[in-house]
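Report on the structure given below.
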Ligand SMILES: Nc1ncnc2c1ncn2[C@@H]1O[C@H](COP(=O)(O)OP(=O)(O)O)[C@@H](O)[C@H]1O
Ligand SMILES: [Mg+2]
């Protein structure tokens, strides 16, 4: 390891740096005669002040797992430590105290319809021994923080989806939590509104040093704000790591699928089938799916192929996505050589650190367009 790398590397994570520590968590439900395993032996550590994403399809166990964090769901087995406290050892009273420090927001906002925006935000403070004025001041301050000062006297139904979620966020912050859990909070919102809510979460993360656990089924959401991500399937975490690593080198098929959905590669696959691209290939042509990381830019690789190897390129689809300071390129291209030989081409692509899927071979073998 070089000296520079050593200096750059962060010191080992101490206990004090960990906001959430789940050890060997299992959650099973009894349904009639069968046992459903919702969470299957999951361990997870979330660093203080970080934004940690959990992605998976519906039914993967995400909501059950995050409800374990404040023991709204008691695990069948395993250990839950939050802000250094072993939650399963706490009295009910102490546990209520910890729960106040873990805010939650949801897909459907869960606002009280008959109460004003201000009253909704005040609601979690009603049980506190503070004056009405103090309570109102706190709620107004939070509404300002989420950009809704003018809406204090409005009712939830007068607000847009994005505004409702802002109210829910303000309410979740009423007790100055250390942790915010966002369970599909942007899933009912359009892409622009989603982006603005994610920006707000990032701001709260920065300004309040709030640790955020963010559940979603959309990789776009992970890409825009998370530092780390865990992929869940069938109650298990099947892959995890820094977001940049998962995007550059996804290992599990499900992770690959999520990564590709974020780069619109899914549409590209459709196009291959619809346009019968493979069937139309000439003997001296190959249909390739290329993935470029920051080190290898697509332009330089394609021009190098043309100049050095006399390979012609017909680009069908190209996209770049920016993730954690990396630019990741995706390209579907038909390459052709005069003699139909591609050994040199493949060798060059390998040395240029381009990941290649040969659709022409793939499809001839499997009979369908499929990215492995
Ligand atoms: N209270 C419950 N009783 C029985 N089964 C449950 C309960 N809560 C969740 N499940 C089951 O656990 C699995 C995981 O659910 P959930 O955690 O809601 O997944 P996700 O949030 O990823 O969609 C599902 O099969 C679901 O039906
Ligand atoms: Mg859920």
Restricting to region 277-307, what's the tally of residues that are within 36 Å of the chain's Cα centre (by Cα) and within 18 Å of residue 317 (Cα to Cα)? 19
If you scan region 45-56, which residues turn out to be more than 7 Å from ligand 1 (Cβ to nearest atom) and touching a residue at least 60 places away in the same chain (Cβ under 8 Å)? 46, 47, 48, 49, 50, 51, 52, 53, 54, 55
Considering only region 327-353, state which residues are under 30 Å from the mean Cα position of the chain (by Cα) and surrounded by fewer than 16 Cβ atoms within 10 Å (Cβ to Cβ). 327, 350, 353
Determine whether region 216-238 contains at least one residue that is surrounded by fewer than 17 Cβ atoms within 10 Å (Cβ to Cβ), more than 15 Å from the chain's Cα centre (by Cα) and under 30 Å from residue 354 (Cβ atoms). no
Can you pull out the residues in region 155-167 that are in contact with a helix residue (DSSP H, G or I) (Cβ under 8 Å, 6 or more places away or on another chain) and touching a residue at least 24 places away in the same chain (Cβ under 8 Å)? 155, 156, 159, 160, 161, 162, 164, 165, 166, 167
Enumerate the strands (runs of 3 or more DSSP E) found wholly within region 51-154, keeping only those where 3 or more residues are touching a helix residue (DSSP H, G or I) at 6+ places or on another chain (Cβ under 6 Å) and within 16 Å of ligand 2 (Cβ to nearest atom). 51-55
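One line per residue, one yes/no per condition, for (1) more than 29 Å from residue 203 (Cβ to Cβ); (2) within 12 Å of ligand 1 (Cβ to nearest atom); (3) in the same structural domain as residue 201 (by TED's automatic domain parsing):
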| site | (1), (2), (3) |
| --- | --- |
| 24 | yes, no, yes |
| 40 | yes, yes, yes |
| 61 | yes, yes, yes |
| 66 | no, yes, yes |
| 90 | yes, no, yes |
| 96 | no, no, yes |
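The values are calculated or read from the model by the stated rules, or taken from the named source; none is laboratory data. Worth saying up front: this structure is predicted, and the values here are computed from it rather than measured. Note: ideal-geometry Cβ built from the backbone for every residue, glycine included; neighbour counts use all protein chains shown.
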